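Student: Okay, here's the structure, questions in a sec.
The values are calculated or read from the model by the stated rules, or taken from the named source; none is laboratory data. None of the values given here were measured: they were computed from a predicted structure. Cβ: placed from backbone, ideal geometry, glycine included. Neighbour counts: every protein chain shown. We work out accessible area using only protein heavy atoms, side chains counted, and drop any ligands, DNA or RNA first. Shrake-Rupley method; radii C 1.70, N 1.55, O 1.52, S 1.80 Å.
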Amino acid sequence: QMQDNREAAIIAWVEDQLGVDPNNEIYQKWRYRTYVGLEIVAIAYGSYGLVRGGISAVRWLKTEQVLAKFACKNTGSSNGFLGHRGWELERHVCQPNINRTTSIMRRQYSGHALDQMQNRGFMPSIVEDTIKNGAKLPGNKSGASRYYGSMNDVSVVVNETSGKVITVRPGD
């Protein structure tokens, strides 16, 4: 009702300003055609907006799918990101080890150990210092030892037979 009243007031103002007879048949035809034309333009513009929104949604979904595939893909090399205490990086549940077993400063590191070092911000020098100067404790599995360095508050689990670093974690 309020919208109809506003529309009637605007129509009356336009007719008054232009000096148009509201009963004129030609005026009524043009007024109707203009009204219909505006409705068609509004519908077309709304449809255009829906199509663009749909395209954007599809692109977003494809981006999410690509990111999910990337997260689940074993690249075999470091991604360059490094976490730190209080802001550890976590890998996606379907993502296997990013890094492969390698040797750093003549010590073997498992891919898991390298991933955890990267995610938690531990440098190989901290691991070496912990193994050399830390307290040696028994590991959770046979053949493994845990070294704890109180200076850096880090634990390093090492396979005693091979000397390979199995994992690195903060705390005792």
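Student: Among the residues of region 104-162, how many are surrounded by fewer than 12 Cβ atoms within 10 Å (Cβ to Cβ) and within 36 Å of the chain's Cα centre (by Cα)?
Tutor: Result for region 104-162: 5.
Student: Let me ask another. I need the full set of residues from region 138-149 which are in a strand (DSSP E or B) and in contact with a Ser or Thr (Cβ under 7 Å, 6 or more places away or on another chain), in order please.
Tutor: Listed by number, the residues that qualify are PRO138, ARG146, TYR147, TYR148, GLY149.
Student: Mind checking whether some residue in region 92-112 is at pLDDT 85 or above and assigned to a helix (DSSP H, G or I)?
Tutor: yes
Student: What number of residues in region 13-43 are open to solvent by 70 Å² or more (accessible area, probe 1.4 Å) and outside any helix (DSSP H, G or I)?
Tutor: Total meeting the criteria: 2.
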